[in-house]
Amino acid sequence: MALCSKTKVELPKVGVIVRRRGKYRTVYKVTRTFRNSLGQPTNERITIGILDEESGMLIPNDNYWKHYGDTNIELLPAYDSVRSVGASFLIGNIFKSLGVTDILERCLGTERAKLSLTAALYMAARGNIFEHVLDFCEGFTLHERPLSSQSASKLFASITYDERMAFFKAWASRNTQGAYLAYDVTSLSSYAEGIQDTEWGYNRDRERLAQLNLGCYLSQESGLPIFYVTYPGSIVDKSHLSYMMAYNSELGIVGVGFVMDKGFCTTNNIRYMKGNGLDFVIGVEIGHKATRGAVDTVREGITSMRNRTTQGIYARSVRGTFYGAYTTMHVYHDTGLAERQRRDLFRTVESWEEKLTQLKQLTIREAKRYRAYFTIDLAKDGSFTYKRNYDKIDTAALNNGYFCILTNTCMNSSEVLDVYRRKDMLEKGFDDLKNHIDMRRMHTHTTATTDGKLFLAFIALIAVSELQAKLKKMMREKSWSKDSVIAELEKIKVVYASDNRRLMNPITKTQRLIIESFALTVDDLRAYVANAYDG
């Protein structure tokens, strides 16, 4: 059982036995008393920690929190210790202000909620590897529940599906009123063979590993993740959409629209959303026959000033039947994008031509590839002649700068484009989940621990997303990453001296600005430090 040596609690008054084992005095909780077969009194007991000889207090292990966690026992930091408190202070307050703390306590109970918040705090600050979580608790937290790698695994496995869904229902009710939800999918890899949904499939990170897929909603209004679900890694994203949206009624998600990229645009998905009265804004493939027809309909005159939406982007809309449903196709032409794509195309043609000048022979397969932009006369012996096919080059360039968005809403082209562009927040959230929280690989071995760990990674992602939203301007100006923000906060240190004084180093201007961005003050920080000791 792991001990948190810098955390002490009052020794329980009754029901414990203290016995010396080697250099330490071990404290046991008596769980049952009885007489043995000889009629002699005896008992069953478990260790709950060791006795600190100097203070007479208990240094608790995991068993202590299991049996005494719901009592109002103070946590007292050890004397002569230094702790970095800024990150735990801020992230803890993010959880409280967003209502995460209250919801977790209702769903998991007080003690497991506190342990879960410690785990989420650790993931937001340090990532996915829990080997050093106890060191983190001893050096970077004050009154948060201590956690070890072993107790973390038990915590993950203890969180049930019903408890997770209870959280999602309460969380969605706070964050989906009148909002558009972005939906996307990412994949998480694993070496383990004991995780139910890990299967081989298209791996977005190009890793030769089995994976599970994670579909997630994110509120475009708050920038916060709302809900996720996992499914087997071999299932293609576009075929899972209807199963994801089947959770909407259970979660109480109504009256919102959904924003997705073109990977989800299929006839079945469009018909499903239209048939279920769901508003959607979804990208479409420019090469689709119906899309090309819509572009051809509005191509002439699209760059007229009357069609200008924003600088360099023009749009017109077409009403009709697309992907099996009567909807609106918004056709956009980005003049800057068109020029970049045209330059890329011409560079490709010139690069291929340079390669052709150096070749003496071509295979039939190679000739087929080069015929995309060249007329190739191929002899039986593989020798060839070539020349540019300008008609094919012009055809390839015809739709440069065009992109299309399909919707069943009444928004104009400018509004649709604004909503669609903001879906990128979810891609940034996935990047945070995989890189900042380090969930690219799960480092779990069973389905139960994987499910619980993913859930607490989702809780950590809420804090990281709020951090990004509130500090976006400062991070851009200082070229800071989220790791830089955490590192700056962790410079805020508290020293617990042997005379029972708590000394906090002065707060810098930058640290104060970070704290104030979340409607907090230095006095709030001082109160946090004081409450950690005084209760």
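A search for C-beta distances below 6 Å between a residue of the stretch 297-308 that is at negative phi and any residue that is assigned to a loop (DSSP other than H, G, I, E, B) and surrounded by 14 or more Cβ atoms within 10 Å (Cβ to Cβ), counting only pairs 6+ apart in sequence or on different chains, returns nothing.
Test Glu144 against the criterion of being buried (at least 20 other Cβ atoms within 10 Å of the Cβ) and in contact (Cβ under 8 Å) with a residue 40 or more places away in the chain, and give yes or no. When the stated conditions are applied, Glu144 passes them.
Criterion first (closer than 30 Å to Cys265 by Cα and of a type in the set (Asp, Glu)) does Asp344 satisfy it? Answer is yes for this residue. The residue that is nearest to Leu489 (Cα to Cα), among those in the stretch 118-137 that are open to solvent by 30 Å² or more (accessible area, probe 1.4 Å) and assigned to a helix (DSSP H, G or I), is Asp135.
Put simply, of Ala367, Ala372 the only residue that is within 47 Å of the chain's Cα centre (by Cα), outside any helix (DSSP H, G or I) and over 30 Å from Thr309 (Cα atoms) is Ala372.
The residues of the stretch 295-314 that are hydroxyl-bearing (Ser, Thr, Tyr), touching a Leu at 6+ places or on another chain (Cβ under 9 Å) and closer than 12 Å to Val331 by Cα amount to a single one, Thr309.
Residues in the stretch 364-375: is at least one surrounded by 13 or more Cβ atoms within 10 Å (Cβ to Cβ) and touching a residue at least 60 places away in the same chain (Cβ under 8 Å)? Scanning the stretch 364-375 turns up no residue that is surrounded by 13 or more Cβ atoms within 10 Å (Cβ to Cβ) and touching a residue at least 60 places away in the same chain (Cβ under 8 Å). Among residues of the stretch 304-337 being under 33 Å from the mean Cα position of the chain (by Cα) and of a type in the set (Ser, Thr, Tyr), the one that is surrounded by the fewest Cβ atoms within 10 Å (Cβ to Cβ) is Thr310. In summary, helices (runs of 4 or more DSSP H) completely within the stretch 1-117 and bearing 1 or more residues that are surrounded by 15 or more Cβ atoms within 10 Å (Cβ to Cβ), at pLDDT below 80 and out of contact with any helix residue (DSSP H, G or I) (no Cβ under 8 Å at 6 or more places or on another chain) occur at 62-68.
With the structure loaded, tell me whether Thr186 is surrounded by 21 or more Cβ atoms within 10 Å (Cβ to Cβ), at pLDDT below 85 and under 17 Å from Ala457 (Cβ atoms) or whether it fails that test. So Thr186 passes the test.
Look at (1) more than 21 Å from the chain's Cα centre (by Cα); (2) assigned to a helix (DSSP H, G or I); (3) within 25 Å of Thr447 (Cβ to Cβ) and you find that Leu147 fails only one, number (2). Arg340 falls short on exactly one of the conditions (1) basic (Lys, Arg); (2) farther than 19 Å from Asn389 by Cα; (3) modelled with pLDDT of 95 or more; (4) more than 37 Å from the chain's Cα centre (by Cα), and that condition is (4). For beta carbons closer than 8 Å, sequence separation of 6+ or different chains, a first residue in the stretch 255-268 that is under 18 Å from Ile226 (Cα atoms) and a second that is part of a loop (DSSP other than H, G, I, E, B) and among the β-branched types (Val, Ile, Thr), the qualifying pairs are Val256/Thr176; Gly257/Thr409. Listed by first and then second residue, the pairs with beta-carbon distance under 7 Å, at least 6 apart or on different chains, first residue in the stretch 387-414 and buried (at least 18 other Cβ atoms within 10 Å of the Cβ), second hydrophobic (A, V, I, L, M, F, W, C) and in a loop (DSSP other than H, G, I, E, B), are Asn399/Ile286; Tyr402/Ile286; Phe403/Ile286; Cys404/Ile286; Leu406/Cys265.
Filtered by the rule that a residue be without any contact (Cβ under 8 Å) to a residue 40 or more places away in the chain and in a helix (DSSP H, G or I), the stretch 155-187 gives a lone residue, Asp162. None of Ala487, Ala448, Ala469 is closer than 18 Å to Tyr161 by Cα and open to solvent by 20 Å² or more (accessible area, probe 1.4 Å) except Ala448.
Give me the residue from the stretch 234-266 that is exposed (fewer than 13 other Cβ atoms within 10 Å of the Cβ) and part of a loop (DSSP other than H, G, I, E, B) and, out of that set, modelled with the lowest pLDDT. Residue satisfying both the conditions and the ranking: Val236.
Do we find that Lys274 is surrounded by 15 or more Cβ atoms within 10 Å (Cβ to Cβ), among the basic types (Lys, Arg) and more than 30 Å from Thr395 (Cα to Cα) in this structure? Yes. Residue count for the stretch 389-413 under the criterion of being farther than 25 Å from Thr267 by Cα and not in a loop (DSSP other than H, G, I, E, B): the result is 8. List every residue pair whose Cβ atoms sit under 8 Å apart, with the two residues 6 or more apart in sequence or on different chains, where the first one lies in the stretch 343-354 and is surrounded by 11 or more Cβ atoms within 10 Å (Cβ to Cβ) and the second, anywhere, is in a helix (DSSP H, G or I) and of a type in the set (Lys, Arg). Final answer for the pair search is none. Checking each residue in the stretch 415-424 for being without any contact (Cβ under 8 Å) to a residue 24 or more places away in the chain and not basic (Lys, Arg) picks out Glu415, Asp418, Asp424.
The values are calculated or read from the model by the stated rules, or taken from the named source; none is laboratory data. These figures come from a predicted structure and were not determined experimentally. No Cβ is skipped: glycine too gets one built from the backbone with ideal geometry, and neighbour counts run over all protein chains shown. The protein model used for the area step is the full one, side chains on, heavy atoms only, and it has no ligands, DNA or RNA in it. Shrake-Rupley method; radii C 1.70, N 1.55, O 1.52, S 1.80 Å.
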